[in-house]
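Structure first, then comments.
The values are calculated or read from the model by the stated rules, or taken from the named source; none is laboratory data. Not measured: the values here are computed from a predicted model. Methodologically, a virtual Cβ is constructed for each residue, glycine included, from the backbone with ideal geometry; neighbour enumeration extends over all protein chains shown. The area values use the complete protein model at the heavy-atom level, side chains included, leaving out ligands, DNA and RNA. Shrake-Rupley method; radii C 1.70, N 1.55, O 1.52, S 1.80 Å.
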Amino acid sequence: MNFKKYSRQALIPFALTAIVSAASAQTAAPALPDPASTTVQALGWMQGFPPAADKLITFDNPVGNTFPRIRWTFSHIREIVPTSNVWRGPGAPSALRAAPVNLDNVRFKVMGTGEELTFAQSLDRNYTDGILVMHKGKVVYEKYLGALEPQRPHLAMSVTKSFVGTLATLLAHDGSIKPEALVTDYLPELKNTAYGDATVREVMDMTIGVKYSENYADPKAEVWDYARAGGMMPQGKDYAGPKSFYDFLQTLQKEGEHKQAFAYKTVNAEVLAWIVRRASGKSLAQLLSERIWSRIGAEQDAYFMVDRIGTESGGGGLNTTLRDLARFGEMMRNNGRTANGQQVLPKAVVDDIRRGADPAQFVKAGYTTLPGWSYRNMWWVSHNPNGAYMARGIHGQAIYIDPKAQMVVVRYASHPIAGNAGIDPTSLPMYQALADTLMKQ
């Protein structure tokens, strides 16, 4: 296995990967190892009582938390960093009815190369940890690989942002947040920052002009300060920088103008998460539990990674089981209603997300794998004939909702390449092929 060929973003600590741009690594994909050779079982990470010294994965060992070790880490976050629980509520889990369909032989062509793959082949190609497909409210396909199991939460990465965006949209519908208001109406602490003249809507749609670099080749890039402040990497004994997410956000300065173009920067999600907390008077974990998680019939509690003062990472720290992620996705597909008739979100909230934003602002960002898309309320909207929209996270995390096909696909993965541009070519056409097949059922 030649790990020197991997992109820089594949070789960073596991917690840091939650903040990498979801569409970075626009270059051609490097040669990658056989996925079967990188499993926990094949390589022995954290196996034995105790594990061998060279197989340990710990927070203070960044080299130990790179690929392929992330194939274990992403399914065991709570064992490495502090977390905040998202209670599933007191009720019984809602049933996920099964109606299996053999999708393994569904064929599609890889974007850009024209290579033909089957759905089954794409699972290994994408280093899938688990995937579940729902059609017309029933589970038609469910499979687990890697270290993931049905009852085990997996790191959702930037799929987290879409949960934060959904909560913000819900609060806007309730009148607790006014999207046209200035950020400083809620967070006066940000008066002297890039957000001093920004609106909440600009934050929700990531059209903020803020000086924030995620260039890992630059040791002075703001990403390192963010990571240290948020407890995503050790601070070191001589560290004198921000000690929390809140402290870090107050250091950010303006670069360019707002509302000129879409610019994907994780700090915007952290600002929105702060607004949501301030407007609701509740933590993200409590609010998510009360307004969504306890109402969708989740099987398991979810949890967030937190910084040193217990503040959840709204940019990439949520962990859920695959089945509960499917329940959330199905609720979104069904206009905010669960299979048992519970109206969790007003239909207007889902409609506001699904309609997307201005693709002209999005195109300026240069997302070559997403022509015609837009970004609204921290969701990715395709504007394709099926009205599909997504929550996306690096290393292959996804919720793909296709209203016309009545299909939801949820996937957790641990791909060695972080950026979705390296994963989209074998994912986006696969989703469409599944939709085309299921619409014939």
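Some observations on this one:
- Candidate set: the range 270-285, residues that are more than 14 Å from Y246 (Cβ to Cβ) and in contact (Cβ under 8 Å) with a residue 24 or more places away in the chain; chosen: the one least open to solvent (accessible area, probe 1.4 Å): A285
- Among the residues making up the range 106-157, none is buried (at least 19 other Cβ atoms within 10 Å of the Cβ), free of Cβ contacts under 8 Å to residues at least 24 places away in the same chain and more than 29 Å from T266 (Cα to Cα).
- Test result for T338, open to solvent by 20 Å² or more (accessible area, probe 1.4 Å) and of a type in the set (V, I, T): no
- Total residues in the range 223-251, condition crowded, with 18+ Cβ neighbours inside 10 Å, without any contact (Cβ under 8 Å) to a residue 24 or more places away in the chain and within 23 Å of N61 (Cβ to Cβ): 2
- Filter pass, D205 being open to solvent by less than 20 Å² (accessible area, probe 1.4 Å), in contact with a Phe, Trp or Tyr (Cβ under 7 Å, 6 or more places away or on another chain) and not hydroxyl-bearing (S, T, Y): yes
- For the range 286-302, taking the residues that are open to solvent by less than 10 Å² (accessible area, probe 1.4 Å) and in contact with a Pro (Cβ under 7 Å, 6 or more places away or on another chain), the one that is farthest from G393 (Cα to Cα) is identified as A298.
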